[in-house]
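Structure, as structure tokens:
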Amino acid sequence: MMKILVTNDDGIRAKGIQVLVRLLMPYGRITVVAPSSAQSGMSMAIPLGHDRRIHVSEMTVRDGVRWMHLDTTPDACVKFALDEIYRDDRPDIIVSGINHGANTATAACYSATLGAAAEGAINRIPGIGVSLDSGSPDADFTAVGQFFPAIFESLVQRFSVLDPREGIYYNVNFPCLPPEGIKGVAACSMGRVHWCDQFVANADGTFHIEGELADDPDNACDADHKRVGQGYISIVPHHIDSTHYGELAVLKTLFR
């Protein structure tokens, strides 16, 4: 059976991670190492330095699943798990989620759900991020429960033929629909959006970030956020190497 490391960015008590663990239990031995509290928007942030101490708490083992939480970011949770728990016996896969809220389009750049999956790819361990397009703490994950197991099995099969040095990880997003409303599964590119009017003033003079999303008019028809909006489950293959090789070829003619 597989060794599966599970984390998230909504915190260990979020409904999404509880659902994810139940869905993954038939596939292997699960260890959960997740943040103690919500860490949305932290991407691959980690707390560096001896003065930024991390507290580790272990919960009761339930149904053979080991649960731990750390007062830190999802990426740091993965690093801790690899260094301290899986030092001599690395996990076969890292699954992050299920996030309460979509991580489509440019949101993937900020997502701590995806940051944890990317940390797996950096360490040559397959990584999958899973999200549902609903921010409700009591979101309905019925469609995820019905469709994700088959998606997981297909992606595990893909990982078995990929070179881990490629640094590929997958971003899976579900529309907030009942199972009968799902139109299918779509392989997608990462869409492009940007935020407008992000900083909102509070009565005490402070600000919080909220903002409105604006779509890029040049988005491809297979952009993930568009497909999710049409009722499809989107899957985007991401890559830790962000080099633009076309531009690199041009620069090599200019700087040599």
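Looking only at the stretch 99-110, decide whether some residue is farther than 20 Å from VAL236 by Cα, in contact with a Lys or Arg (Cβ under 7 Å, 6 or more places away or on another chain) and of a type in the set (Val, Ile, Thr). Explain how you work it out, then say what you get.
Within the stretch 99-110, the subset farther than 20 Å from VAL236 by Cα is none.
Looking through the stretch 99-110, none of the residues is farther than 20 Å from VAL236 by Cα, in contact with a Lys or Arg (Cβ under 7 Å, 6 or more places away or on another chain) and of a type in the set (Val, Ile, Thr).
Residues in the stretch 1-53 that are touching a Ser or Thr at 6+ places or on another chain (Cβ under 9 Å) and of a type outside the set (D, E, K, R): how many?
The qualifying residues number 24.
Hey, can you tell me all the residues within the stretch 234-256 that are under 25 Å from ASP224 (Cα atoms) and of a type in the set (Phe, Trp, Tyr)?
Once the filter is applied, which keeps residues that are under 25 Å from ASP224 (Cα atoms) and of a type in the set (Phe, Trp, Tyr), the stretch 234-256 yields only TYR245.
State the number of residues belonging to the stretch 205-224 that are surrounded by 10 or more Cβ atoms within 10 Å (Cβ to Cβ) and in contact with a Lys or Arg (Cβ under 9 Å, 6 or more places away or on another chain).
5
Taking the stretch 213-247 as the region of interest, how many residues are of a type in the set (Gly, Ala, Ser) and not in a strand (DSSP E or B)? Spell out the reasoning first.
The first filter runs over the stretch 213-247 and keeps only residues of a type in the set (Gly, Ala, Ser), leaving 214, 220, 223, 229, 231, 234, 242, 246.
Now drop any that are not not in a strand (DSSP E or B), which leaves 220, 229, 231, 242, 246.
Matching residues across the stretch 213-247 total 5.
Could you tell me which numbered condition CYS77 fails, if it satisfies all but one of (1) at pLDDT 95 or above; (2) over 14 Å from the mean Cα position of the chain (by Cα); (3) under 19 Å from LEU114 (Cα atoms)?
It is condition (2) that CYS77 fails.
The values are calculated or read from the model by the stated rules, or taken from the named source; none is laboratory data. Just so we're clear, the structure is a prediction, and the values are computed from it rather than from any experiment. As a convention, Cβ positions derive from the backbone with ideal geometry for all residues, glycine included, and neighbour counts pool all protein chains shown.
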